[in-house]
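Working notes, structure below.
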Amino acid sequence: MSSVVRIERVFKEYLLGEQIVQALNDITLAIEPGVFLAISGPSGSGKTTMLNLIGCIDRPTSGNIYINEENVSQKSANELADLRSRSIGFIFQTFNLLPVLTAAENVEYPLLRRKDISAADRKRRVDYFLDIVGLSKYANNRPNQLSGGQRQRVAIARALAVKPAIVLADEPTANLDKTTGIEILKLMKLINEHLGTTFIFSTHDQKVIDHANRLVKVEDGTIKAFGVRSAKRKWNIARVRNLSDIAAENIPG
């Protein structure tokens, strides 16, 4: 099976003042379509950096990243923007909704740069995905008229509206209470199972890990372990001890 995401020997460095910070150190990873994967680790471990690289928001210092077997590492800013608009949806912990737009307009917003989608098709997509997340009757409400859980549902509908191969979620339950967070995770899991959309989370929330079927543990910019959840809901964890382990290890099917 081909990979939806493939990362090969990726390093990422940042300049902080006069100091070079190594955010990622020789990361190699492959992710197959349709998984519900959590990238976990403490703050500063590199998990959000990895998510930003997969989302083509940032570029690696060295190494290659493939999205649907297409090397994105050397693409121009415009090419990356076009790729994101067609293949990648984003869900953020702060929702990132535009306050002056209604729920429906927020869902429609990323579709406006797509010249291949007519106004009628945009409306059909907005209606469909608002219905999927259970917010059809709130289509005309602005974000300040919605609860935190409802705002995150709008964000999910917005991410799905582009019909992406991948949805990236950065701590999507961080600003939600426990009950609402679990409801949102169950909703995303149902979407994952019924639409086959790949979900990749950056998280240190155990609730997210509990819902995942794949796990990548990151620490100090390196992958420390891979996990695959069995049909009996038990984790099979493979610890990474050296570079040859990483090079040989893919997220299994």
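The values are calculated or read from the model by the stated rules, or taken from the named source; none is laboratory data. None of these values were measured; they are calculated from a predicted model. No Cβ is skipped: glycine too gets one built from the backbone with ideal geometry, and neighbour counts run over all protein chains shown.
A few notes on this one:
- Beta carbons closer than 7 Å, at least 6 apart along the sequence or on distinct chains, pair a first residue in the range 28-53 that is touching a residue at least 12 places away in the same chain (Cβ under 8 Å) and under 14 Å from Ile166 (Cβ atoms) with a second that is part of a loop (DSSP other than H, G, I, E, B) and of a type in the set (S, T, N, Q) for Ala30/Ser3; Ala30/Asn250; Ile31/Ser3; Glu32/Ser3; Val35/Asn213; Phe36/Asn213.
- Scanning the range 18-27 for residues that are more than 27 Å from Val167 (Cβ to Cβ) and hydrophobic (A, V, I, L, M, F, W, C), we see that the one that is surrounded by the most Cβ atoms within 10 Å (Cβ to Cβ) is Val21.
- Residue in the range 214-221 that is more than 21 Å from the chain's Cα centre (by Cα) and either modelled with pLDDT under 90 or not hydroxyl-bearing (Ser, Thr, Tyr) (or both) present: no
- Selection count where residues are surrounded by 18 or more Cβ atoms within 10 Å (Cβ to Cβ), in a loop (DSSP other than H, G, I, E, B) and not polar (S, T, N, Q), scope the range 35-57: 5
- Condition check for Asp26: in a strand (DSSP E or B), more than 21 Å from Ile209 (Cα to Cα) and in contact with a strand residue (DSSP E or B) (Cβ under 9 Å, 6 or more places away or on another chain): yes
- Failed criterion for Thr48 (all others in (1) in contact with a Lys or Arg (Cβ under 9 Å, 6 or more places away or on another chain); (2) hydroxyl-bearing (Ser, Thr, Tyr); (3) under 26 Å from Ile209 (Cβ atoms) hold): (1)
- The lone criterion from (1) under 16 Å from Phe11 (Cβ atoms); (2) modelled with pLDDT of 95 or more left unmet by Asp58 is number (2).
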